[in-house]
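The values are calculated or read from the model by the stated rules, or taken from the named source; none is laboratory data. Values in this document were obtained by computation on a predicted structure and should not be read as measured data. We place every Cβ from the backbone using ideal geometry, glycine too, and count neighbours over all the protein chains shown.
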Amino acid sequence: MTVRRAASQPAESTMVNHDTDDDTQFTAATVAIGLLLGLLVVALLLGVWYVTAPPKSGLQWGGQVYTSEDEFKAYLRAKGLSYGTWVSRHPGAAPWDP
């Protein structure tokens, strides 16, 4: 014997609960937005720290800052140059020279 349903009653198998899918999408979007905002805050803080960091003191030469005479001599030696010649051509430029 087959039981017939009224036309206004949908079969149970056609009813789908979408609430869990919506909750999962909402949670994933919330986590993604939170992570992006967190990364943005970190990037801004690093940018502020970099801009406000005090500059190194020393001799700025060739895109580098040399903080000691020995360090600068090694740089000149690597280029085949003499520190004595450099000092004679740039008197008073090195902060460690009197």
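Descriptive notes on the structure:
- Qualifying residue in the stretch 31-38 (condition: in a loop (DSSP other than H, G, I, E, B) and not basic (Lys, Arg)): no
- Taken over the stretch 70-96, the criterion of being part of a loop (DSSP other than H, G, I, E, B) and closer than 22 Å to Ser57 by Cα is satisfied by His90, Pro91, Gly92, Ala93, Ala94, Pro95, Trp96.
- Residue identified as exposed (fewer than 10 other Cβ atoms within 10 Å of the Cβ) and at pLDDT 75 or above among Tyr66, Tyr50: Tyr50
- Scanning the stretch 52-98 for residues that are on the phi > 0 side of the Ramachandran plot and under 35 Å from the mean Cα position of the chain (by Cα) returns Gly58, Gly62, Gly63.
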